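Quick notes on the structure that follows.
What follows is calculated from the coordinates using simple rules that are stated; it is not laboratory data. Just so you know, these numbers come straight off a predicted model, no measurement behind them. Here Cβ is always computed from backbone atoms with ideal geometry, including for glycine, and neighbour counts include all displayed protein chains.
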Amino acid sequence: MLGQQDRWQGTLFVAGTLEDLIPADHILKRVDKILDLSWLRDEVREYYSDSMGRPGIDPEAAVRLMLAGFFHGIVHDRKLMREAQVNLAIRWFSGYRLDEALPDHSSLTRIRQRWGAEQFCRIFEKTVHSCIHAGLVSGETVHVDATLIRADVSWESVTAEHAEKVLEENNPEEQDSDDAPRGRGRPRTRPRFPKKHSRTDPDATMATSRKDQRLEPSYKQHTAVDDRAGVIVDVGLTTGEVNEGTQLLESIERVESVTGNPVDRITADGGYAHGSNYAALEMRGTDAIIPPSQERRSSKKIPLRRFRYDGKHQFVTCPAGKRMKRSSRAKQGWIYRARTHDCRACHLAKRCVSPSSKVRTVLIVDGYEALLRARRRRLRWDEENGWYSRHRWQVEGIHGEAKTQHGLRRAIRRGLANVAIHLLGRNEFLPVA
């Protein structure tokens with residue numbers, strides 16, 4: 001028989017509660033069973049006055065609204081509050097009755113500004129502690145990775161600026177003084193490319209994750225994920241141009257501070273394969289599952305691996321048996337330089353020294369010996385029980401989920417502090433999902 005639905009909806013009173021109208025397997029209903037925010041009110045009490053002003057939004061209700069937006073993939077507060085007006089599950093989860101007015105969308109923005117990034121960081125740590133008490137975090141094996149977040153700016157706001165011209169205009173006397181520092185070495189032959197920045201969001205810097213893609217104004221998220229249950233145990237934010245390898249040790253220290261346990265094993269991709277990182281992890285007793293970068297191979301010059309480095313006495317022996325001593329300090333390590341008369345009389349000079357130089361120089365990066373040990377160990381990685389393969393779906397999967405489902409592909413706020421608050425708020429509850 002053909003059915004017919006009565007579209008009359010004038011019923012005002014319905015027997016039952018809002019909870020009865022929400023499916024039992026709804027994500028907000030599942031989260032509500034384990035979510036405990038009873039500590040939040042005392043945590044943020046210092047940001048409110050006890051005797052002045054009108055009563056503000058309940059902190060737990062505000063966080064629950066942010067959580068509802070997170071699980072529904074809503075990143076903008078205005079859209080979230082419009083959805084909450086008609087979504088029974090969000091009303092029930094945040095504690096608002098059907099006849100109760102919802103807060104304005106700007107109230108959530110003011111709450112974030114009032115609490116600040118430090119408070120959201122403490123809330124994040126509270127979430128990690130709850131996961132530790134539940135047995136979801138061990139802190140023994142941690143996967144670390146970084147990803148770029150596109151800044152919320154348009155291409156029209158990106159301008160080019162010559163740093164030298166600005167310095168000359170702002171400090172003309174300093175440039176002409178005799179005490180002003182002068183450059184050393186050969187004069188620059190290549191033109192200096194102007195550095196680009198955004199007038200809308202000056203904190204964002206130009207960066208890219210691939211050589212075949214153009215630079216974009218970006219921020220960089222640094223994430224550490226525990227191996228046991230995929231819980232995020234550390235989140236950091238920097239500008240896009242910061243190298244992720246320089247943030248590894250700080251991330252490990254924060255993880256150990258939160259979990260209270262030393263990290264036994266760390267996995268990361270090739271962006272963290274710095275000799276200094278390998279050396280520091282060896283001193284800490286942390287097992288580094290990081291694919292080392294391969295030595296650059298050139299058919300025109302004798303490769304660096306033919307030079308023997310003596311770390312104890314700090315000298316390098318070239319393939320002809322001559323010693324090379326330290327010449328100058330570079331950003332990544334020390335430059336060792338051969339003597340002119342040794343290279344002039346050497347039978348390997350044509351294969352070793354470039355035509356534009358008179359002597360051979362080699363760069364020994366910081367932690368070079370640890371880097372060599374890591375390269376030898378890389379050949380036995382098939383016996384490492386697949387730790388690096390777990391790294392790929394653990395932490396890289398977290399980044400993929402955050403970008404596709406939780407609005408972290410592009411920032412919705414501007415400024416390093418505001419993006420950090422948005423980042424912490426979105427990553428606090430990724431383990432719950």
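For the reader, a short list of remarks on this structure follows.
- By average C-beta atoms within 10 angstrom, highest first, the peptides 73-86, 280-293: 280-293, 73-86
- Annotation: amide H of Val233 within the under-5 Å range of Ala224, Val225, Asp226, sequence separation 5 or more or interchain, hydrogens built in the peptide plane.
- This ranking places Arg326, Arg265 by how few other beta-carbon atoms lie within 10 Å of each, fewest first, which gives Arg326, Arg265.
- Ranked packing of 65-72, 54-61, most packed first, by mean Cβ within 10 Å: 65-72, 54-61
- Sorted on the mean count of surrounding Cβ atoms within 10 Å across their residues, most packed first, peptides 204-211, 347-354, 245-252 read 245-252, 204-211, 347-354.
- Cα centroid separation, region 15-47 to region 73-105 (Å): 13 Å
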